[in-house]
Amino acid sequence: MGEMMDRIMTMFTDFIGQVTALVVSLVALGVAAGVVFGDSVPFVGGVLSNLLDLVNMLGENGLVGLLVLALLMSMYNR
């Protein structure tokens, strides 16, 4: 029973990792398309502005923003 649960958890974590990699790739594509073609590109026009808003929000919060960014990066790198 324990071996089966280990396999299920491994499959689940692998799936989550693959979905995360896909989402990160889509965000990168959205940023690149927003820079090249501007905000008029359907479905990706808001990605660049949302990312810039996030960076501005973290910058306005000073040290707390840096801590949140460090926390998010450490969670992503796991």
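Looking only at the range 1-39, which residues are aromatic (Phe, Trp, Tyr) and closer than 18 Å to Leu52 by Cα? Before you say what the answer is, go through the steps one by one.
Of the range 1-39, the ones aromatic (Phe, Trp, Tyr) are 12, 15, 37.
Passing the criteria: only Phe37.
Taking the conditions exactly as written (among the aromatic types (Phe, Trp, Tyr) and either closer than 28 Å to Gly65 by Cβ or modelled with pLDDT under 75 (or both)), does Phe43 satisfy them or not? Don't jump to the end; show me each part of the working.
On the way: among the aromatic types (Phe, Trp, Tyr): yes; either closer than 28 Å to Gly65 by Cβ or modelled with pLDDT under 75 (or both): yes.
So Phe43 passes the test.
Looking at the structure I just gave you, is Ala32 more than 14 Å from the chain's Cα centre (by Cα) and at pLDDT 70 or above? Before the answer, list the steps.
On the way: more than 14 Å from the chain's Cα centre (by Cα): yes; at pLDDT 70 or above: yes.
In short, yes.
Quick one: which of Gly2, Gly17, Gly59 is at pLDDT 85 or above and among the small types (Gly, Ala, Ser)? Lay out the reasoning, then the answer.
Details: Gly2 fails: at pLDDT 85 or above; Gly59 fails: at pLDDT 85 or above.
Just a single option satisfies the conditions, and that option is Gly17.
The values are calculated or read from the model by the stated rules, or taken from the named source; none is laboratory data. All figures in this text were calculated on a predicted structure; none of them were measured in a lab. We place every Cβ from the backbone using ideal geometry, glycine too, and count neighbours over all the protein chains shown.
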